[in-house]
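First the structure, in the form of structure tokens, and then the observations on it.
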Amino acid sequence: MADNRSRLTWKGLFRDVDNTVNFYSTRDEVVANGDGRWKWPLAGWKFSTYYIKTDVVGHLQGEVVYGPRRYTSAETFASHAPHVVRNYDTICAMRPEDRIFVAGHRGMVGSACVRALKAAGFNNIVTRTHAELDLMDQRAVREFYEAEKPDVAIIAAARVGGIGANSAANSRFLYENELIALNTVWGAAEAGVKRLLFLGSTCIYPRMAPQPIPESALLTSELEKTNEGYALAKISGLKLCEFLRRERGLVYHSLMPTNLYGPGDNYDIEHGHVLPTMIRKFETARTGNEQKVTLWGSGSPLREFLHVDDLASACLFLLQMENPPDLVNVGSGREVTIRQLAEMVKGATGCRAFIEWDRTKPDGTPRKLCDTRLIRSLGWSPKIDLASGLRRTVDEYRAELAAGRLRV
Ligand code: GFB
């Protein structure tokens, strides 16, 4: 991505030397007249003419000739002429030729992003396995960015797990995810990566947030204790993106998905998320002719589920926006109780076992439905409903198991 795709926003209104208005202002933003050349006299510059080549919405096109100097970067011009420029945005919507680093490409989310990128014609993808690059190693991450110079980074790498894994190891979830977030985001900024999408989770929101949870609920009250470590690390990552965007004009932004499921999920009984764990438990009972399946908690908490392919489509959608919001929720907008989910999974697997609820296990947050009005208003919506997504996922579980590829 070239630096000259930057948009300058001007302070005030300007007129041409011959007093013809070559541009006009809407809500403080001056828009060119369409001929690609702007000129105006500035107070104190004796009606000299200064040219800025832009397109109609103010994208700098090559250079700014301002007084005695020429600038090829909007950033430099903005810092040298702060009395003229209100702000500059680097225009770096992801483009097919861009070099895109997907951190965590072997995980459920990262692999869905790679599939979606390739399907949409983005083929210049950079990946590293954990063995090749430890994202907790600050120096290794910095050297990787310096060597590879990606244009775009998608941060889908994290230590993740369900309520059992999180509540048993809040310290590890905080430590590892904090290091991964800070190294991947800060390292990208230092290496000049122009665009970055940071993925988190709706567990960043307070336990008793208003429902559905709007983005504005962030940091308004206490977090859910069972996943406090993970949530704190993700909050650090999203805040780092926000600060870098504000301070350096880098378009680093975040997306908070609701509970996800789909191919490549982790089916570990103790550490997995509820939906894949239920698939494994019901499938194991069906194939082993077991009479009883034991699930956790009371069954009354409400959860929202989104297929990971829908999430990947939201990632691509936001990365192709020039000016995405700092923080966006992504969800299906539909919630079910854990008990209803259990009946759906039981039906999708064809299992006939009796369900027993183990109330010694935690329920977690009582409700976690995200408010998706923001992303819907931008033009994105999910395509895969829970019933059909679940059928697909059960088929994929069987295929992964048969092929010896099941992650447990
Ligand atoms: O997906 P999950 O483990 O985590 O779902 P969270 C937990 C809910 O499902 C609780 C119930 O209400 C559990 O009591 N549940 C019932 C089960 N049976 C089972 C079972 O066999 N296994 C599991 N795991 N749960 C996670 C966070 O919260 O949400 C993560 O821990 C992440 O950090 C993720 O943010 C999106 O939905 O409670």
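Derivation of every value follows stated rules applied to the coordinates shown; laboratory data play no part. It should be emphasised that the depicted structure is a prediction, and the values quoted were computed from it without experimental measurement. Positions of Cβ are backbone-derived with ideal geometry, glycine not excepted, and every protein chain shown enters the neighbour counts.
With R₀ set to 41 Å, the beta-carbon distance separating D326 from A402 gives a calculated FRET efficiency near 0.40.
The residues W186, W296, when put in order of fewest to most other Cβ atoms within 10 Å, stand as W186, W296. The modelled label-to-label distance for the pair K361/R334, using points 7 Å beyond Cα in the direction of Cβ, is 2.4 nm. Arranged from fewest to most other beta-carbon atoms within 10 Å of their beta carbon, D137, D358 become D358, D137. Under the combined filter of DSSP loop state and at most 11 neighbouring Cβ atoms within 10 Å, the stretch 164-232 retains these GluC sites (Glu not before Pro): E222. Each residue in K281, K118, K361 was given a count of other beta-carbon atoms within 10 angstrom of its own, and listing them fewest first yields K118, K361, K281.
Distance between the pseudo-spin-label points of L378 and D137 (7 Å out from Cα toward the beta carbon): 3.4 nm. Taking all Cα pairs closer than 8 Å and separated by 6 or more residues, the relative contact order of the stretch 265-388 comes to 39 percent. Can you work out the PRE-style zone for H130? Point 7 Å along Cα to Cβ, and I want the residues of the stretch 359-403 with backbone N under 17 Å. Under cut-off, by backbone N: nothing.
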